[in-house]
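Visitor: After the structure tokens below, expect a handful of questions from me.
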Amino acid sequence: MSAPVRVRFAPSPTGQPHIGNVRTALFNWLFARGRQGKFIVRIEDTDQTRLVPDAVEGILDGLRWLDIDWDEGPEVGGPYGPYFQSERLDLYQEAARGLMEGGHAYNCYCSPERLQEMRKQQMKEQKTPGYDRCCLNIPAQKLREYKDEGRVPVVRFKMPDPEEITVQDIIRGEVSWRSELLDDFVILKSDGFPTYHLANVLDDHDMEISHVLRAEEWLPSTPRHLMLYRALGLEPPLFGHLPMILGPDRSKLSKRHGATSILEYKEMGYLPKALTNFMALLGWSLDDRTEIMDRRTLVENFSLDRVVKSGAIFNREKLDWMNGVYFRNMSPEELTERILAYWEEFPASQILRPLDRGYLMRIAPLIQERLKTLRDASGLTSFFFQSELVYEPQELVQKGMDLKTTSAALEQALSTIDSSVTFDAETLEERLRALGSELDLSGRQFFGLLRVATTGSKVSPPLFQTMEVLGRDRCSHRISKAIEALAAS
Ligand code: GLU
């Protein structure tokens, strides 16, 4: 029987979680959930110079928002903790000592200045850049001097004699490197913190990670990791490197292509389910055709053999389209709750308070077709809430009409509206159509005019449904005000 699936998402808290990180988290999560596995979050906070305050919170918030839950990690704990690398320093230091004792690592006292000088020289001589092993065998005298000077060493891994290092990557197949192109890299820094390589390898082993699924950018680190596993006498996990995410110009997705932080997408009004669906397709597909898939379908079908090697293009228009599909599939109740929750969280986008939930529930179906993001909702619904509209008389006057005919048509519409026994879209359409022909106005003229008068805009949801939802009082009031605006011009 093969080992249980245990996968991890191991972010470094150096900034807000971006699409790339979260796609990695999602793929790991889908892989675990479809195989009764465990999904672990581990915070790789070993580079103390690059820590960003609140980054951990941002990362966890992003995961929670997308409903990516973790079985072990920050907040929930677990049997393999702690899950913050900064709380596991003893383990790394002990392993570094063990590697030194076994002849796989050594102390290096080289100053940053010396290393810089060495690099410059290597460049000049067009040599492969890398550590020159100056400290591999330090004479006793020199060592005493260093110690007397109070120099604190780093620990470097001693690369073995030249050989080929090969990994069978689950996604990319066989990948090989020549070991002599890799230098003796640092595993423990002078501040006592490990580097990414050492901490990552030890933790993946200690936490019994079965599959390391991570972004392609970490592929070049893999030979170092394999060397470390061997020197530590540990069995490496399986590796799968996920394809790069590219912008539409096929360069690596970055700020240049617009928002990258997952929390910005939340603020822009994308739905977590739509975004998850969209991200699942960044490098994976069900069958090259199916686009819209719910959580369950994703969990049940996600597999690494359908993850591609080539870069996945991040297409914002597709995301907008997908978000729209999720809106259209909602009930008016759900859509209303979504909009209200969004306005609650991002109050700047809300037009007027207090909001009438029942009223919004009737408005929701009218904007549902056109809604792309929750942020759009305030613009699309604002005229429903404004107490007074502002009219530009030239907007009211339609082609082939003048102030007088416009005003007269509105007066007639007003009395039709006021005298209508029922105020539903069907009756309104019937009566107003009849009135339009009576006035010898085309539909475009008369309804265009009514649209501007009742909504303040030339574009709106279907006119008669809109009028029905606005209600008789608002419609009458607005039309009277439009007549006044014409008179005053
Ligand atoms: N801490 C690394 C990162 O920020 C993790 C890479 C890995 O998964 O091995 O992405």
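Visitor: Out of ASP473, ASP440, I need the residue that is surrounded by fewer than 21 Cβ atoms within 10 Å (Cβ to Cβ) and outside any helix (DSSP H, G or I). Which one?
Guide: ASP440
Visitor: From the list LEU219, LEU232, LEU182, which one is within 16 Å of the ligand (Cβ to nearest atom) and among the aliphatic types (A, V, I, L, M)?
Guide: Checking each option against the conditions leaves just LEU219.
Visitor: Still on this model: Tally time: how many residues in the range 455-470 are out of contact with any Lys or Arg (no Cβ under 9 Å at 6 or more places or on another chain) and surrounded by fewer than 16 Cβ atoms within 10 Å (Cβ to Cβ)?
Guide: Result for the range 455-470: 1.
Visitor: State the number of residues belonging to the range 154-164 that are part of a loop (DSSP other than H, G, I, E, B) and surrounded by 12 or more Cβ atoms within 10 Å (Cβ to Cβ).
Guide: Counting residues in the range 154-164 that are part of a loop (DSSP other than H, G, I, E, B) and surrounded by 12 or more Cβ atoms within 10 Å (Cβ to Cβ) gives 4.
Visitor: So for the range 137-153 (the condition being of a type in the set (A, V, I, L, M), buried (at least 19 other Cβ atoms within 10 Å of the Cβ) and not in a helix (DSSP H, G or I)), does at least one residue qualify?
Guide: no
Visitor: While we're looking at this one, here's another question. Inspect the range 249-265 for any residue being surrounded by fewer than 14 Cβ atoms within 10 Å (Cβ to Cβ), assigned to a loop (DSSP other than H, G, I, E, B) and among the acidic types (Asp, Glu) and give the result as yes or no.
Guide: Yes, because at least one residue in the range 249-265 is surrounded by fewer than 14 Cβ atoms within 10 Å (Cβ to Cβ), assigned to a loop (DSSP other than H, G, I, E, B) and among the acidic types (Asp, Glu).
Visitor: Okay, moving on. ILE170 fails exactly one of the following numbered conditions: (1) closer than 24 Å to PRO4 by Cα; (2) within 13 Å of the ligand (Cβ to nearest atom). What is the number of that condition?
Guide: (2)
Visitor: Please count how many residues of the range 419-433 are outside any loop (DSSP other than H, G, I, E, B) and exposed (fewer than 12 other Cβ atoms within 10 Å of the Cβ).
Guide: So the count comes out to 2.
Visitor: Quick one: count up the residues across the range 248-301 that are of a type outside the set (Ser, Thr, Tyr) and under 14 Å from the mean Cα position of the chain (by Cα).
Guide: Of the residues in that region, 23 qualify.
Visitor: Would you pick out the residues in the range 37-55 that are acidic (Asp, Glu) and more than 10 Å from the ligand (Cβ to nearest atom)? Walk me through how you get there before you give the answer.
Guide: First pass over the range 37-55, keeping only residues acidic (Asp, Glu): 44-45, 47, 54.
Once the filter is applied, which keeps residues that are acidic (Asp, Glu) and more than 10 Å from the ligand (Cβ to nearest atom), the range 37-55 yields only ASP54.
Visitor: A further question on this structure: Given (1) within 30 Å of the chain's Cα centre (by Cα); (2) within 16 Å of the ligand (Cβ to nearest atom), where does LYS189 come up short, assuming only one miss?
Guide: Here LYS189 clears every test but (1).
Visitor: Scanning for something more than 29 Å from LEU286 (Cβ to Cβ), within 14 Å of the ligand (Cβ to nearest atom) and not basic (Lys, Arg), does the range 91-100 turn up at least one residue?
Guide: No, because not a single residue in the range 91-100 is more than 29 Å from LEU286 (Cβ to Cβ), within 14 Å of the ligand (Cβ to nearest atom) and not basic (Lys, Arg).
Visitor: Still on this structure, please answer the following. Kindly evaluate VAL7 against the criterion of being at negative phi, touching a residue at least 24 places away in the same chain (Cβ under 8 Å) and either among the acidic types (Asp, Glu) or within 11 Å of the ligand (Cβ to nearest atom) (or both).
Guide: yes
Visitor: Return the residues of the range 393-442 that are at pLDDT below 95 and small (Gly, Ala, Ser); say none if nothing qualifies.
Guide: Of everything in the range 393-442, those that are at pLDDT below 95 and small (Gly, Ala, Ser) turn out to be SER419, SER420.
Visitor: Check LEU371 against each of (1) assigned to a helix (DSSP H, G or I); (2) surrounded by 19 or more Cβ atoms within 10 Å (Cβ to Cβ) and name the one condition it does not meet.
Guide: Answer for LEU371: the failing condition is (1).
Visitor: Inside the range 10-22, can you point out the residues that are more than 10 Å from the ligand (Cβ to nearest atom), among the hydrophobic types (A, V, I, L, M, F, W, C) and in contact with a strand residue (DSSP E or B) (Cβ under 8 Å, 6 or more places away or on another chain)?
Guide: ILE19
Visitor: Further, regarding this structure: Could you tell me whether the range 63-80 includes any residue that is touching a Gly at 6+ places or on another chain (Cβ under 7 Å) and within 16 Å of the ligand (Cβ to nearest atom)?
Guide: Looking for residues that are touching a Gly at 6+ places or on another chain (Cβ under 7 Å) and within 16 Å of the ligand (Cβ to nearest atom), one finds at least one in the range 63-80, hence yes.
Visitor: Are there any pairs, at least 6 apart or on different chains, whose C-beta atoms fall under 8 Å, with the first in the range 195-220 and in a loop (DSSP other than H, G, I, E, B) and the second within 9 Å of the ligand (Cβ to nearest atom), and if so, which?
Guide: That search, which allows pairs on different chains as well, returns THR195/THR46; MET207/ARG8; MET207/ARG42; ILE209/ARG8.
Visitor: Could you list, in sequence order, all residues of the range 23-36 that are more than 11 Å from the ligand (Cβ to nearest atom), closer than 14 Å to ILE68 by Cβ and out of contact with any Asp or Glu (no Cβ under 7 Å at 6 or more places or on another chain)?
Guide: Passing the criteria: ARG23, LEU26, PHE27, TRP29, LEU30, PHE31, ALA32, ARG33.
Visitor: Considering each residue of the range 75-91, count those that are more than 24 Å from the chain's Cα centre (by Cα), under 22 Å from ASP61 (Cα atoms), free of Cβ contacts under 8 Å to residues at least 12 places away in the same chain and in a loop (DSSP other than H, G, I, E, B), and give that number.
Guide: Selection size over the range 75-91: 2.
Visitor: So, one more: Taking SER210 as the residue in question, decide whether it is more than 11 Å from the ligand (Cβ to nearest atom), closer than 24 Å to VAL5 by Cβ and not hydrophobic (A, V, I, L, M, F, W, C).
Guide: yes
Visitor: Check off (1) within 41 Å of the chain's Cα centre (by Cα); (2) modelled with pLDDT under 95 for VAL167 and give me the number that stays unchecked.
Guide: Here VAL167 clears every test but (2).
Visitor: Next question, about the same structure. Please work out which residue is nearest to GLU164 (Cα to Cα), limiting yourself to the range 235-248 and to residues that are more than 12 Å from the ligand (Cβ to nearest atom) and outside any loop (DSSP other than H, G, I, E, B).
Guide: Taking the candidates together, the pick is LEU238.
The values are calculated or read from the model by the stated rules, or taken from the named source; none is laboratory data. Predicted model, so just to flag it, every value in this text is computed and none were measured. Methodologically, a virtual Cβ is constructed for each residue, glycine included, from the backbone with ideal geometry; neighbour enumeration extends over all protein chains shown.
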